[in-house]
Structure formats: C-alpha cells, structure tokens
Amino acid sequence: NNRLTLNATTATFAGDVTLGNTSGSSILTIMASPTLYSIIYFGDTNSATPASVAYDHNIDKMIFNTDNANALTIDSSQNATFYGNVGIGTSPSKTLEIYADAGASLKLYGDAADDTSTIELGPVTSRVWKFTAHPYNTYSNTGYDLQLQSNGSYPGSFLINDVQGVSIGTTSNSVGGQ
C-alpha cells in the first residue's frame, strides 16, 4: 500500500522525512480520539514544544501557538481570534494597524489604563486624525466625550461631551476657533 503506520508511544527519526507522490496528491493524516487533540510541534535543541499547530476535536477548534502561547484560534464557524496585535502591511504596535502602499493608515486600539477606544486615520508620515471615545470628560473628569483631534493635539479639536456640549477649537463649551 506504500504507507507507513506508527503505533508507538514515541518515534524518533534522525534526518529528514519526505512525503511525496510525483503522480498525484500527498496526504498526511493525524488521527486522534474525538475528545482529544491532534498536534504538530515545532521544536529546537532548547525546547521540544515552543510552537505548535493543534486541532481540538472536542470543540472543533484549530489552535496556533508561538512561544508556548495561543497566537491564533479558528473555530468551527470560521471565526478567528488573534492574541496580540494584528498588522496588515506592517508590524503592528497597536491592536489593529492597516497600511496601504500610498502611505495611508488605519489604526484601531484601546487603552485599558485610560479606558478609551481610538481610531487613527491618515498618512503614515504626516497629519493624523484621531477619534477617541473617553468614559469621562477629558478636561473635568466628568461625563463622557467623543473627541476628534489633529495630530493628537487638543487645540483645533472637535469635542462632544454629554455635560459640556460641543466644543470646536477650544476646551470650553463653545463653537469657536483659534
């Protein structure tokens, strides 16, 4: 049948293992109990299991681990959960960063210390617009506000606050500018 079957607790191979078929598809199947895992580990001489690809048959979830921690899971409904920051076209420093070839960017992130949520829009190297939702008034620490900032500065901002009302170009309750 041209198949290799291993039914042992462990097996060690010294050297490379190649699976191939020059006239058709090549298939590798890892079978497990319907309530357990199928796992492939990626190790080195320092650690046998620092990274892995696993399938949890009990809950039908694919799990990708790096540095012995979950990096990505995909459930049976094709919902993906990323652990850490996600970057498209960049190495991210925020929760989600997307960069286009023309230098346009979009960043979405939260700040647990300030309990804020922020969206940043703009070119990577020049003016950036920030929309930030605060659970308190930025200036008097009361109420809630939504703020639009240019390059992160408060002057020139547009502020909507549930206590003070609307402010444009100032931190007081007024419509004005500089």
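Of all residues in the range 1-43, those being over 26 Å from ASP67 (Cβ atoms) and at pLDDT 70 or above number 15. With the condition kept exactly as written, say whether any residue in the range 58-69 is out of contact with any Ser or Thr (no Cβ under 8 Å at 6 or more places or on another chain), under 30 Å from THR118 (Cα atoms) and acidic (Asp, Glu). Yes, the range 58-69 contains at least one residue that is out of contact with any Ser or Thr (no Cβ under 8 Å at 6 or more places or on another chain), under 30 Å from THR118 (Cα atoms) and acidic (Asp, Glu).
The values are calculated or read from the model by the stated rules, or taken from the named source; none is laboratory data. Everything numeric here is computed off the predicted structure, so don't read it as measured data. Please note: Cβ atoms are built from the backbone with ideal geometry, for glycine as well, and neighbour counts cover all protein chains shown.
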